[in-house]
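The values are calculated or read from the model by the stated rules, or taken from the named source; none is laboratory data. Note that the structure is a prediction, hence the values are computed from the model and not measured. Glycine gets a Cβ as well: all are built from the backbone with ideal geometry, and neighbour counts include every protein chain shown.
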Amino acid sequence: MALLKFRRDEGPVAGSLSPEVETFLKDYSIEVMPRTAEKIDDFRAILPEGTRVYIAHIEGTPINDMVATAKRLNAQGFPVMPHFPARIIKDRATLEDWIARYQGEADVRQALLLAGGVDRPHGDFESSIQLMETGAFDKAGFKRLHVAGHPEGNKDIDPDGGMRNVEAALHWKQGFCERTDAKMAIATQFAFEAGPIIAWADALKKAGVNLPIHIGIAGPAKLQTLIKFSIACGVGPSLRVLQRRAKDVTKLLLPFEPVEVISDLAAHKAQNPDFNVTHVHFFPLGGIKTSAHWAIENGGSSAVPANAA
């Protein structure tokens, strides 16, 4: 395992990363919300030029704030990928209005489609498949659509703890990709252990789902913060990594950093070039600046290639 070199008191040592990790972190993406983006004066000061930035649309966030954030980020040179959570979109007219506003005001041409984290739909849509079936994104010229993935399952979709419905949905999306000109990829929930991620990705590929995977990674944060978000987001078996860490009182006050999971995935990718995890997507649970600084120190760099999924 190609672990990075860390100093206990100062965090990662600049320039000490492994070449495998540096390659794996190239062209990473990061997620923001309008309220967290407001705290950053200029994203150009903390992110490499061209970094793809997802904008999470949490229930209750006005579309005006979402579009304004997208416009600002795009003006600073960052390709923006806003969330379209199906269950908070009232109807097709609302969907088309959001698309038109993102396109017309912020020059957005890509989106992450997901069901959304609410139990009951606010209107006509319940799933990302229904959003795709409208044809509204194709009509508006959106050429890049990402969809959600869950390496450890999703209890909202598979209440029994299995993966049957999640996998069926991904098969449908694979077919959509093949019959349209959309560039598609899977952006996943975060996990803390490489084993479940590798097993899930390999199983998808064996089952015929060949979409590139952008693996979700929780950026450095306090252990208590990560545990809270993990439970809320339904993180599965890899939560044991945090639970083991919590038993070590000498580490309770230190930020938890994604050293092991990224190192293991990077080593696996180096040994298996066809492994379908192609990018890292950071959830900055400990703050945008903290995650961005950690990623850059460990090799994250450069713009997203124009033809990247």
### Query
Can you name the residue in region 233-249 that is β-branched (Val, Ile, Thr) and either touching a Gly at 6+ places or on another chain (Cβ under 7 Å) or assigned to a helix (DSSP H, G or I) (or both) and is also modelled with the highest pLDDT among such residues?
241
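For (1) under 23 Å from residue 292 (Cα atoms); (2) modelled with pLDDT under 95; (3) of a type in the set (Ser, Thr, Tyr); (4) out of contact with any His (no Cβ under 9 Å at 6 or more places or on another chain), each residue gets a yes or a no:
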| site | (1), (2), (3), (4) |
| --- | --- |
| 193 | yes, yes, no, yes |
| 203 | no, yes, no, yes |
| 217 | yes, no, no, no |
| 231 | no, yes, no, yes |
### Message
For a quick check of your reading of the model, give me the residue pairs whose first member lies in region 166-180 and is more than 17 Å from residue 144 (Cβ to Cβ) and part of a helix (DSSP H, G or I), whose second is at pLDDT below 90 and of a type in the set (S, T, N, Q), with beta-carbon atoms closer than 8 Å and at least 6 apart or on different chains.
### Response
166/154
### Summary
The residue from 232, 207 that alone is over 27 Å from residue 296 (Cα atoms), of a type outside the set (S, T, N, Q) and without any contact (Cβ under 8 Å) to a residue 12 or more places away in the chain is 232
### Task
State the number of residues belonging to region 68-86 that are surrounded by fewer than 22 Cβ atoms within 10 Å (Cβ to Cβ) and in contact (Cβ under 8 Å) with a residue 24 or more places away in the chain.
7
### Task
Output yes when any residue across region 10-20 is part of a helix (DSSP H, G or I) and modelled with pLDDT of 95 or more, and no when none is.
no
### Query
Does region 23-32 contain at least one residue that is over 16 Å from the mean Cα position of the chain (by Cα) and closer than 30 Å to residue 272 by Cα?
yes
### Message
Looking at (1) modelled with pLDDT of 95 or more; (2) surrounded by fewer than 23 Cβ atoms within 10 Å (Cβ to Cβ), which one does residue 112 not meet, given that it meets all the others?
### Response
(2)
### Query
Quick check, is residue 165 at pLDDT below 90, crowded, with 19+ Cβ neighbours inside 10 Å and of a type in the set (S, T, N, Q)?
no
